[in-house]
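Some notes on the structure that comes next.
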Amino acid sequence: MQAHMQGHITHYTRKRYAFYFILSLFAFILPFIKINDNHFFLLSFDHKKLHLFFIAFNTQEFYLLPFVLILLFLTIFFITTLAGRIWCAWSCPQTIFRVIYRDFIQTKLLKIRKNIRNKQKEYPGNLLKKTLAVLLFYAICLVAVSNLLWYFVPPEDFFSYLQNPAEHKLLLGILLCASLFLCFDITYLAEKFCIFVCPYARIQSVMFDNDTMQVIYDERRGGVIYEHHTKLHKRPPQGECTGCEACVSVCPTHIDIRKGMQLECINCLECADACSSVQDKLGRPSLISWSSSAAVQSGGRVRYFRFRTVAYCVVLCIALAALFVMGARKEGVLVNINRSSELYDLRNKSGELEITNAYTFLVENTDNEAHTYYFEIQARGEKDGISILRPRAPFRLEAGAKAKKIVVLKAEKALANDHEKDSIIPLRVKIYALDDEGIVALRKSIFVYPRASILQEK
């Protein structure tokens, strides 16, 4: 009988704490993991680099960021439609830090709060302990904000910058201000941030349907406590609810789940654990469950696969495929081509007229290894129409290095015979690594060929 009764107890809180630990450890360690000197995710404004899935992208390749943001929002929409506010309870930093501050520091460590199962009661006094709790948590805030900054300033640079604070006042200011705000938020605003400030609670309501998983009190078993948000009973005349209000005492957002779905509910399921411990003594399962309205009413299972969730999955897959396709277009060399202000240059050399155009090539080696580069010019698909006058020799660039090259192109033959205006000859410039055939970049430009009247004058 005892073994059967123990099967009614739920352990959502323990599972959340274990997930918090794994998630926090992952977030803390991930910035230190590098493959080929690239991070999993790093948006460095200092180095003008984006690292994504251990691949480095230049600022010119930031077109990938919209795909990352689209994936982020689609994932949030999908998870909310499927499982309600599971993010709030299981992954939101606000909730995790509140658990650390309230349940660990204040309750377990300093004994300011007497019972972890009562989050409604405030304990006056203990000013010294409360101050110590804030100071201890502020130390955690400094580490947490530093961890966040590591996704924008790599750890190796971050610790180097901290050794010279006078030269990196902006970084130090962000670290101090953000950590102070986080400490104020968690120690003072607390769950008021979730209730009044966070926009997610308002957005989620339009994504819910009858099959969305929520924290639900089963009125059919427990009995009706509220009607039209008015409390009728502490303990219903008929039903299995004992009126102990353990679910109310343990709620971090100070609501009574028996009233029905409320925006303040963050799906932490602590009320379900509290109810299960009471109902287990009576040989019954918890009156509060993580289910859907349709499943509770029908007594069946939650419908995970339905049009909305399948549609989100399809769109997510399309966005993810687009991200990988665009990411696969990463070039090992980046090139910007700028023409000089002079349209063309005409010179007589040994009785022959030389027609040249000058360009500035800005070349960057985005690969992790050094390479030797050169160019190839194609005009109207003909390789012999225009040649490279200089530079005549290939050049070498170290990994991540940039170089500015003055490139002069020469017309090898008559490219046009227009008497009225200069001719614009389309060019295709191929920049490639001599030591790696996979590194190639193609760019478009133009070659200006003078009109026939000017050539006759020369």
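The values are calculated or read from the model by the stated rules, or taken from the named source; none is laboratory data. Since the structure is predicted, the reported quantities are computational estimates derived from the model, not experimental observations. Using ideal geometry, Cβ is built from the backbone for each residue, glycine included, and neighbour counts are taken over all protein chains shown. All accessible areas refer to the heavy atoms of the entire protein, side chains included, with ligands and DNA or RNA removed. Shrake-Rupley method; radii C 1.70, N 1.55, O 1.52, S 1.80 Å.
Points worth noting:
- As a rough guide to protection, the peptides 79-89, 254-264 ranked by mean Cβ packing within 10 Å, highest first, stand as 79-89, 254-264.
- Going by accessible surface with a 1.4 Å probe and the largest first, LYS49, LYS413, LYS119 read LYS413, LYS49, LYS119.
- Accessible surface comparison of ILE225, ILE100, probe 1.4 Å, protein chains only, largest first: the order is ILE100, ILE225.
- Sequence-distant contacts, meaning Cα pairs under 8 Å at least 6 residues apart, place the relative contact order of the chain at 14 percent.
- Sorted on the mean count of surrounding Cβ atoms within 10 Å across their residues, most packed first, peptides 120-132, 20-32 read 20-32, 120-132.
- TYR304-GLU398 pseudo-label distance in nm [points 7 Å out on the Cα-to-Cβ vector]: 5.2
- Compactness ratio for the stretch 201-334: Cα radius of gyration over 2.2 N^0.38 Å (N = residue count) comes to 1.45.
- In the chain, the calculated helix contribution to ellipticity at 222 nm averages -10500 deg cm²/dmol per residue, counting -39,500 (n - 2.57) for every DSSP H run with n ≥ 4.
- Couplings 3J(HN,Hα) of the stretch 357-370, computed from phi: 10, 10, 9, 10, 9, 9, 10, 10, 7, 8, 7, 8, 10, 6 Hz, in residue order, whole Hz [Karplus 6.51 cos²θ - 1.76 cosθ + 1.60, θ = phi - 60°; x for Gly and Pro].
- Positive-end residue, the chain charge dipole about Cα centroid, Cβ charges, pick of PHE77, LEU353, VAL448: PHE77
- Remark on ILE439: its backbone amide H falls under 5 Å from those of ALA433, a criterion applied only to residues 5 or more positions apart or on other chains, H modelled at 1.01 Å from N.
- For LYS49, residues with placed amide H under 5 Å, excluding near neighbours: SER44
- Between the listed residues PHE324, HIS229, CYS313, the Cα displaced farthest toward the positive end of the dipole of the chain, a dipole computed from Cβ unit charges relative to the Cα centre, is found at HIS229.
- For the chain, the share of alpha carbon pairs falling in successive 20 Å distance bins from zero is 18, 37, 24, 15, 6, 0 percent.
- Table column - 3J(HN,Hα) (Hz), the stretch 337-346, Karplus curve with 6.51, -1.76, 1.60, x for Gly and Pro: 10, 10, 7, 6, 5, 7, 4, 7, 10, 10
- Shown in residue order for the stretch 71-88 are the 3J(HN,Hα) couplings computed by the Karplus curve 6.51 cos²θ - 1.76 cosθ + 1.60 at θ = phi - 60°: 4, 4, 5, 5, 5, 4, 4, 5, 5, 5, 5, 7, 10, x, 8, 5, 4, 4 Hz (x for Gly and Pro).
- By accessible area, using a 1.4 Å probe on protein heavy atoms only, the stretch 366-428 has 45% of its surface on carbon and sulfur.
- Distance between the stretch 359-423 and the stretch 179-230 - C-alpha centres, whole angstrom: 62
- Size check on the stretch 23-181: the Cα extents along the three principal axes, sorted descending, read 57, 48, 23 Å.
- Ordered from largest to smallest accessible area (heavy atoms of protein chains, 1.4 Å probe), the residues GLU369, GLU364, GLU457 come out as GLU457, GLU369, GLU364.
- Taking every protein chain into account, the accessible area of the chain amounts to 55 square angstrom per residue (probe 1.4 Å).
- For the chain, a crude dipole built from +1 on the beta carbon of Lys and Arg and -1 on the beta carbon of Asp and Glu, taken about the Cα centre, is about 1640 debye to the nearest 20.
- The residues neighbouring PHE21, those whose beta-carbon lies less than 14 Å from its own, together hold a net charge of +2 under the Lys/Arg +1, Asp/Glu -1 convention.
- Burial order of peptide ranges 159-169, 266-276 (average beta-carbon count within 10 Å, highest first): 266-276, 159-169
- Across the accessible surface of the stretch 114-263, with the other protein chains kept in place and a 1.4 Å probe, carbon and sulfur atoms take up 64 percent.
- For the stretch 303-458, alpha-carbon Rg and Dmax in angstrom: 22.1, 85
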